[in-house]
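K.L.:
Have a look at this one.
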Amino acid sequence: MRSRWSDDEAAGFVAQFGPGWGEALALRTYSSRLLGAEPELVLHGGGNSSVKAPWKSILGEEVEAIFVKGSGLDMASLEPRGHPGLDLGYLRRLRALDALDDGAMVDQLRTHLLGGDSPTPSIEALVHAFLPGIFIDHTHADAVLLLTNREGGRTAVADALGPDVIVLPYVTPGFKLALAAAEALEARPGARAMVWAHHGIVTWGGTAKASYEAMIELVSRAEEWAAARRAARARHVTATGGARTGSDARKDGGADDRASGARLCEDVVPEARAAAGGLPAQIVPVVRGLLAGRTGDCDRPYSRVVTQILDDPHTLEALLAPGARETLVTPPLTTDHLIRTKSLPLWIEGLRYDGPAHPAERMAAAVEAYCQEYEGYLARHSADLPAGVETFDPRPRVVMIPGLGVICAGPDLGEAVTTLDITRHTIAVKTALAAEGVEYQGLPEDELFRMEYRALQHAKLSKPAGVLGRPGASGAAGSPAAPLRGEVALVTGAAGAIGTGICEGLLEAGALVAATDLPGQGLDTLLEALGGAFPGRILGVPLDVTDPDSVTGAFEQVVHAWGGIDLVIPNAGIATVAPLIDLDLERYRALQRVNVEGTLLVLAEAARLFKRQGTGGDIVLVSTKNVFSPGANFGAYSSTKAAAHQLARIASLEFAGDDVRVNMVAPDAVFAHGACRSGLWAEVGPDRMKARGLDEAGLEAYYQSRNLLKAQVTTAHVANAVLFFARRQTPTTGATIPVDGGLPDSTPR
Ligand SMILES: [Zn+2]
């Protein structure tokens, strides 16, 4: 690992933040970001850092202060305010206590902050306060975990990092660890760093640069040490003609694993494999459905998950390596990961279509067995469950399928991405250890339980869901601001005015949105317009609703990106204006293909996917007022939309058994969404303006004045009607909400 330190960049931080925050905090911010930029050091909010510096109160009195990273904040994007200041003198006096539980510790930290609106400091704040270093850096470096998570980890650290690095056995983070770390350093005052078994490494220094560079130097040394051991082992294996050592004997059958994995690759229905050789589109939705939590609420029975797929060549190779299961189905690298990954991944093999059980049945049985084991683990440790902490859903978060890849799940995209990144690093470390011929050793079960069910860790989860570096973008779990968190929607005809409005409404409600339309400028403009406000949460998918392959391909693309789909909005439609006697048959057929066949194909594909997921689903068809009250010269549109409407009603009859609700919204006179003019009105407008002798503004006013409420109907109104159904506010299917300001002739009957 190389140092990323640049004196010029450091000076830039001092120039930018120094005047407002002081030089120490400016440099602290800089080197924390450098640590955060290295995924091999910290991932998604892991690790922490501090600086001790004087602080002046409003009375002009100087206070000895410490600035510690806020709990769960991501180092890569830290601002100076991300290191809240605390009264250092007071915190040091806490060392006199024999014990301090988590609740009291957080209370002490919060009541000795120097700013009223500061974030809560890291769980390891007292470590930083009790150690004397001016700048202190703490990471969960992969290379250090590779040294400590093995039998004889202590010796490995001493051997790799030298005698002036203290090695502490595992100590529960918090007050206990702070005491242990301080005492250890006092016993060996000359030490330059400290390694905590199964946890990470701490370095310090008089300057930001010294502490940061000590971290990089020691981590590099750990990397080199392990690499040399792997190389030596590889040479030994080659020299002995691949003869197996004692530790390999345990892994006998590895060759079989590899063979069965290769078979598995071929056995899983080949046509189902995504083009890039990824997980088959049939498998992922089944797993996603099995991982959804059961809520007990009959209107919203599932709390869905979003999945991310790890299927790069390294991962696939690791899953098929001899003894892979023994290597990978082991506890996490550090307890920090528990709330994202659970203590063990689920391993499923033998998903063969020619085997004794259908893959879907095998997957269901595997998840069920995992849940039972998890319930057993909860029962074994129930005495340690803190009051007020609810147990997690028993379903796995990481599913390893040799031959196919790893499916990583989370309640929203941000958390699924975190789980994916942690899993990638975990596999790399465990595989590297196996390449040394050494067995992985994680923490014992009771400590894993204690950390998984620690109230402080749960506080991190209840924070607003960070989505790709945008904390709070989608609101907290179950919060009214994000009722569709964890749900995936697909909208057809998304580039049009109504489609764009619906996409925006769904995104604001917390859903992930696959915006589909014909490829081209319309779709590009939509992605540009919404991609900035909802980064990572809108996916542009080219889709021609008249082409069955295109429909299937688009659904598969969404499955590969997020795991499945819960909400489908068939909205694509085209219009033409002509009296029946002049209606061109080919033009009529074009409308029929898009408005009727397109709806049919999308309805059918949605139903197939919903069946595979087994967690119900919602379909909201964008119908039209014309279905109930057709207009002259508009026969092609009115009749084809009526057919689509009728198909949706049939779908409500046929799909209800799978808990799929199909409803319709019937807007009238929606002219535009911002700058995006309605394609329908581009077609119809000129004829209507001509017939009524009105200009564009006059026509809009005319439509507004003809409804009972004198309302101007907007795309946001249509989106709200879609959301009413999507949120399952009532047990309703086969129904239509008019969004027209009140038109007696077109009230659904
Ligand atoms: Zn830590």
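The values are calculated or read from the model by the stated rules, or taken from the named source; none is laboratory data. None of the values given here were measured: they were computed from a predicted structure. Ideal geometry is used to build each Cβ from the backbone, glycine not excepted, and the neighbour counts take in all protein chains shown. Note: areas computed on protein heavy atoms with side chains; ligands, DNA, RNA excluded. Shrake-Rupley method; radii C 1.70, N 1.55, O 1.52, S 1.80 Å.
K.L.:
Out of all the residues in region 314-338, which are under 17 Å from Ile348 (Cβ atoms), among the polar types (S, T, N, Q) and open to solvent by less than 10 Å² (accessible area, probe 1.4 Å)?
P.N.:
Selection gives Thr315 alone.
K.L.:
Output the number of residues of region 485-509 satisfying the condition of being open to solvent by less than 10 Å² (accessible area, probe 1.4 Å), assigned to a loop (DSSP other than H, G, I, E, B) and modelled with pLDDT under 95.
P.N.:
1
K.L.:
Would you tally the residues in region 121-141 being under 24 Å from the mean Cα position of the chain (by Cα) and within 18 Å of Ala197 (Cβ to Cβ)?
P.N.:
Looking only at that region, the number is 4.
K.L.:
Which of (1) at pLDDT 90 or above; (2) open to solvent by 20 Å² or more (accessible area, probe 1.4 Å) does Ala682 not meet, given it meets every other one?
P.N.:
(1)
K.L.:
Let me ask you something else. Applying the selection to region 37-55, what residues are closer than 30 Å to Pro332 by Cα and either part of a strand (DSSP E or B) or more than 16 Å from the ligand (Cβ to nearest atom) (or both)?
P.N.:
Residues satisfying the conditions are Ala37, Asn48, Ser49, Ser50, Val51.
K.L.:
So for region 302-310 (the condition being modelled with pLDDT under 90 and either surrounded by 13 or more Cβ atoms within 10 Å (Cβ to Cβ) or within 30 Å of Gly153 (Cβ to Cβ) (or both)), does at least one residue qualify? First the steps, then the outcome.
P.N.:
Within region 302-310, the first condition is being modelled with pLDDT under 90, and the residues that meet it are none.
Checking region 302-310: not a single residue is modelled with pLDDT under 90 and either surrounded by 13 or more Cβ atoms within 10 Å (Cβ to Cβ) or within 30 Å of Gly153 (Cβ to Cβ) (or both).
Each row is one residue, and each column tells you yes or no for (1) part of a helix (DSSP H, G or I); (2) touching a residue at least 40 places away in the same chain (Cβ under 8 Å); (3) more than 29 Å from Tyr703 (Cα to Cα); (4) touching a Gly at 6+ places or on another chain (Cβ under 6 Å).
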residue	(1), (2), (3), (4)
Thr599	yes, yes, no, no
Ala607	yes, yes, yes, no
Val620	no, yes, no, no
Ser638	yes, no, no, no
Glu654	yes, yes, yes, no
Ala669	no, yes, no, no
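K.L.:
Which one is most open to solvent (accessible area, probe 1.4 Å) among residues in region 579-597 that are farther than 15 Å from Ala642 by Cα and either aliphatic (A, V, I, L, M) or in contact (Cβ under 8 Å) with a residue 40 or more places away in the chain (or both)?
P.N.:
Ile581
K.L.:
Related question: Listed residues His314, His337; which is assigned to a helix (DSSP H, G or I), more than 23 Å from Asp412 (Cβ to Cβ) and touching a residue at least 40 places away in the same chain (Cβ under 8 Å)?
P.N.:
On inspection, the qualifying residue turns out to be His314.
K.L.:
So, Leu346, is that one closer than 22 Å to Gly486 by Cα, within 16 Å of the ligand (Cβ to nearest atom) and in contact with a Pro (Cβ under 8 Å, 6 or more places away or on another chain) or not?
P.N.:
Taking the combined requirement at face value, the residue does not satisfy it.
K.L.:
Going through region 61-75 one residue at a time, which ones are open to solvent by less than 60 Å² (accessible area, probe 1.4 Å), more than 16 Å from the ligand (Cβ to nearest atom) and modelled with pLDDT under 95?
P.N.:
Of everything in region 61-75, just one residue is open to solvent by less than 60 Å² (accessible area, probe 1.4 Å), more than 16 Å from the ligand (Cβ to nearest atom) and modelled with pLDDT under 95, namely Val63.
K.L.:
Does Ile58 satisfy being away from the ligand (no atom under 16 Å from the Cβ), open to solvent by 10 Å² or more (accessible area, probe 1.4 Å) and touching a strand residue (DSSP E or B) at 6+ places or on another chain (Cβ under 9 Å)?
P.N.:
Considered against the rule, which asks whether it is away from the ligand (no atom under 16 Å from the Cβ), open to solvent by 10 Å² or more (accessible area, probe 1.4 Å) and touching a strand residue (DSSP E or B) at 6+ places or on another chain (Cβ under 9 Å), Ile58 comes out as no.
K.L.:
Considering only region 104-123, state which residues are in a loop (DSSP other than H, G, I, E, B) and within 15 Å of the ligand (Cβ to nearest atom).
P.N.:
Correct list: Ser122, Ile123.
K.L.:
All but one of (1) more than 18 Å from Lys611 (Cα to Cα); (2) open to solvent by less than 20 Å² (accessible area, probe 1.4 Å) hold for Gln646; state the number of the condition that does not hold.
P.N.:
(2)
K.L.:
Is it fair to say Val202 is part of a strand (DSSP E or B), crowded, with 23+ Cβ neighbours inside 10 Å, within 13 Å of the ligand (Cβ to nearest atom) and of a type outside the set (Phe, Trp, Tyr)?
P.N.:
yes
Per-residue answers, yes or no, for (1) in contact with a strand residue (DSSP E or B) (Cβ under 9 Å, 6 or more places away or on another chain); (2) under 24 Å from Glu38 (Cα atoms); (3) assigned to a helix (DSSP H, G or I):
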residue	(1), (2), (3)
Cys371	no, no, yes
Gly376	no, no, yes
Ala383	no, no, yes
Thr391	no, no, no
Ala428	no, yes, yes
Val438	yes, no, no
Arg450	no, no, yes
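K.L.:
Filter region 185-196 down to residues that are open to solvent by 20 Å² or more (accessible area, probe 1.4 Å) and closer than 17 Å to Ala158 by Cβ, then give me how many there are.
P.N.:
Quick first cut of region 185-196, residues open to solvent by 20 Å² or more (accessible area, probe 1.4 Å) only: 186-190, 192.
After this cut, where a residue has to be closer than 17 Å to Ala158 by Cβ as well, the list is 187-188, 190, 192.
Result for region 185-196: 4.
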